[in-house]
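Here the structure comes first, spelled out in structure tokens, and everything after it is commentary.
The values are calculated or read from the model by the stated rules, or taken from the named source; none is laboratory data. Bear in mind the structure is a predicted one, so any value in this text is a computation, not a measurement. Glycine gets a Cβ as well: all are built from the backbone with ideal geometry, and neighbour counts include every protein chain shown. Each accessible area value is taken on the protein alone, full model and side chains, heavy atoms only, with ligands, DNA and RNA left out. Shrake-Rupley method; radii C 1.70, N 1.55, O 1.52, S 1.80 Å.
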Amino acid sequence: MKVLSVASEAYPLVKTGGLADVVGALPAALAPHGIATTTLLPGYPAVLTQVAGAAIHRWRDLLGNEARLLKGEIDGHPLIVLDAPALFAREGGLYAGPDGRDWPDNWRRFAALARAAAEIARGGVKGLTCDVLHAHDWQAALAPAYLRYAATPVKSVVTIHNIAFQGRFDAEIFPELGMPASAWGIDGVEYYGGVGFLKAGLAAADAITTVSPTYAREILRPEFGMGLDGLIAARAAQVHGIVNGIDPAIWSPGDDPALAARYTSRTLARRATNKRAVEAAFALTAGDGPIFTVVSRLAWQKGMDVLIACLDALVDMGGRLALLGSGDAELESALHDAAARHPGRIGVRIGYDEGLSHLLQGGADAIVIPSRFEPCGLTQLYGLAYGCVPIVARTGGLADTIVDANVAALGAQVATGFQFDGVTPDALLFALRRAIDVYADPAAWQAIQRRGMKADFSWAASGAAYAALYRGLSEA
Ligand code: ADP
Ligand code: GLC
């Protein structure tokens, strides 16, 4: 069975967040189930410099621009790159320019990606076929909408990695999308008077998935559904929650080149070398007390304002913090202020650094994830694998993947981290306090670490779930 997986990013070629990790891991996760996955990505400069494939198709006019498809590979799996220089050959972010504002032609960039995907799926590109088109997030979500108006048996899946990003644009762009007039309507691409890319995909796809069972339920409610809850509820029979896995080829502490010392659950003491490296990298005073870490986009979603409100108290409780992140300027400056107030106790690195993110998981004692919503979350899974105990808000995939160290769970020896309800400074501080208390008992702490390291968050179960979903669709 052949699947075309369409997305705006995929590790290791181009990544801004967890979407890339998941899209990059899917081909290997699906292969054992007899699924051959081809990934379709935009030809950003970072992708083109790593992919020197032959052109296999050309468009003179793909939504107004010349474009071609290049054949390449991503970690040994087939890759197709949409090379459209007018749309993707620019310096800056994937979605926003150097000034931080969304590229004004984002609708055209990602409509072109979706259009190319649909052309491939309907057999318009020689040598490429697929049974299922799998579109990730709003940037790819128009593909099922295009497919809907093409006579083809190919089935489609849309995965919601984050419903907060919906791809909403003015109604004026509609005529330029090259869709039939009938697509303009409440069942089609129209959304609150404009065009909604994610909405269009959710309306058109044969199946909808999201990245955890709890988030699949949460998005039925207005506070999480962000305007799409009604549509999700109407399509509830087609909605599935499949939790993300992690890629052991990239995230294994026993075999991770980014660590100062490699270790397993049997050699936890070696983590101390990584802890010293974290202290050095973040100018923290050396010591035995716990180091908390954060590796995150700095955004409201991630509850970073609430974390910042807790930092003075965290230091008073004897905690240290090593934070790696980038995002909102206000949060960045508040974090710099906190670091300046607490030299040696709070270290902040603004930026994106894949290697350092691994070292933090391998050297810090606990990772703090106070998200207001979290479709799945990957950093808590990396934390589990690395013995960096997760302290998480009870929402979305965080609720599904961490077992809270309450008295009963500790007694039953099933706890893997700490959860708290409601993203408020009081709730987070209480969880941090509980973690510090358990940390004071090394045997209890190490038991939590070891249990997390043994928990199975590989792709085995989730790969099987996607494979079963695809087969169910194509046999329907
Ligand atoms: P989201 O996709 O919402 O940002 P996830 O937890 O699913 O959240 O995935 C985030 C991914 O991005 C993880 O692989 C994490 O390690 C990585 N990441 C986030 N911020 C940084 C950063 N500043 N430097 C390096 N990696 C980061
Ligand atoms: C999104 C979500 C995150 C999820 C990731 C991969 O970025 O915010 O929770 O883990 O997608 O599915």
Practice item. Provide the gained length on full extension for the span E66 to K454, in nm with one decimal, where the gain is 0.36 nm per separating residue minus the Cα-Cα distance. Key: 134.7 nm
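Suppose R0 equals 41 Å. What FRET efficiency, 1/(1 + (r/R0)^6) with r the Cβ-Cβ distance, do Y192 and A286 give to the nearest 0.05?
Details: r = 55 Å, r/R0 = 1.34.
It comes out at approximately 0.15.
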Check your understanding: If we restrict to alpha carbons, what Rg and Dmax does the range 268-454 come to, in Å?
Key -> 14.8, 44
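Taking the Cα centre of the chain as origin and charging only Cβ (+1 Lys, Arg; -1 Asp, Glu), how large is the dipole, in debye to the nearest 20? Please list the in-between numbers first.
Working: 40 positive and 47 negative charges, 196 e Å.
I would put it at about 940 debye.
Would you mind estimating how fast the range 388-476 diffuses translationally, via Stokes-Einstein at 37 °C and 0.692 mPa s with the Kirkwood radius over Cα pairs, in µm²/s?
Details: Rh = 14.7 Å.
This corresponds to a translational diffusion coefficient of 223 µm²/s.
Could you give the length gained by full extension between T16 and R266, i.e. 0.36 nm per residue of separation minus their alpha carbon distance, to one decimal place?
Numbers: separation 250, 0.36 × 250 = 90.00 nm, distance 3.32 nm.
My answer for the length gained is 86.7 nm.
Can you run the Rg to Rh ratio on the chain? Use alpha carbon positions and the Kirkwood inverse-distance Rh.
On the way: Rg = 22.6 Å, Rh = 23.1 Å.
Rounded to two decimals, Rg over Rh is 0.98.
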Check your understanding: Just how much of R433 is accessible, in Å², when a 1.4 Å probe is used and the result is rounded to the nearest 10?
Key -> 90 Å²
Check your understanding: So, how do all the Cα-to-Cα distances of the range 98-169 break down into 10 Å bins, in percent, from 0 on up?
Key -> 20, 47, 24, 7, 0
Study note, to complete from the structure: Summing -39500 (n - 2.57) over every DSSP H run of at least 4 residues in the chain and dividing by its residue count gives a helix-only mean residue ellipticity at 222 nm, to the nearest 500 deg cm²/dmol, of -11000 deg cm²/dmol
Exercise for review: Please list, or write none, the aspartates and glutamates whose alpha carbon is within less than 14 Å of the alpha carbon of K71, excluding same-chain residues fewer than 8 places away.
Suggested key: D83
Exercise for review: Positive end of the charge dipole of the range 268-454 (Lys, Arg +1 and Asp, Glu -1 on Cβ, about the Cα centre): tell me which of Q380, Y439, Q413 has its Cα farthest that way.
Suggested key: Q413
Revision key, fill the gap. So the FRET efficiency between A164 and D99, C-beta based with R0 = 25 Å and rounded to 0.05, is 0.70
Study note, to complete from the structure: A correct Karplus calculation of ³J(HN,Hα) over the range 161-171, with 6.51 cos²θ - 1.76 cosθ + 1.60, θ = phi - 60°, whole Hz and x for Gly and Pro, returns 8, 6, 6, 5, 9, 10, x, 9, 9, 5, 4
Point to revise | Förster radius 25 Å - calculated FRET efficiency between K126 and A89 (Cβ-Cβ, nearest 0.05) | key: 0.50
Review point. Between E354 and I173, how many nm apart are label points set 7 Å from Cα along the C-beta direction?
Key: 2.9 nm
Check your understanding: With the contact rule set at Cα under 8 Å and sequence spacing of 6 or more, what percent relative contact order holds for the range 268-454?
Key -> 22 percent
**Study point:** the range 76-120: trypsin sites (Lys or Arg not before Pro) in DSSP loop, at most 16 other beta carbons within 10 Å
**Key:** R90, R101
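Would the range 249-308 count as rounded, prolate or oblate if I go by the C-alpha gyration tensor, calling it rounded below 1.5 in a/c and otherwise prolate when a/b exceeds b/c, oblate otherwise?
Values: a/c = 2.39, a/b = 1.46, b/c = 1.63.
Oblate, since a/c reaches 1.5 and b/c is not below a/b.
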Check your understanding: So what's the gap between the Cα centers of the range 34-67 and the range 308-327, to the nearest angstrom?
Key -> 43 Å
Review point. Where the centroid of each part is defined by its Cα atoms, how far is the range 411-453 from the range 155-203 in Å?
Key: 43 Å
Check your understanding: Using a basic spin-label model with each label point 7 Å from the Cα along Cα→Cβ, how many nm lie between D421 and R276?
Key -> 4.4 nm
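How high is the relative contact order of the chain, given as a whole-number percent (alpha carbon pairs under 8 Å, six or more residues apart)? Present the calculation step by step, with values, prior to reporting the outcome.
Details: 981 pairs, mean separation 56.8, N = 476.
Relative contact order of the chain: 12 percent.
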**Study point:** Residue-by-residue Karplus 3J(HN,Hα) for the range 316-330, coefficients 6.51, -1.76, 1.60, Hz, glycine and proline x
**Key:** 4, 7, x, x, 10, 10, 10, 10, 10, x, 8, x, 4, 4, 5
Check your understanding: Largest first, what is the accessible-area ranking of Y149, Y439, Y386, Y192 with a 1.4 Å probe?
Key -> Y192, Y149, Y439, Y386
Review point. According to the Kirkwood expression over distinct Cα-Cα pairs, how big is the hydrodynamic radius of the range 331-405, in Å?
Key: 13.5 Å
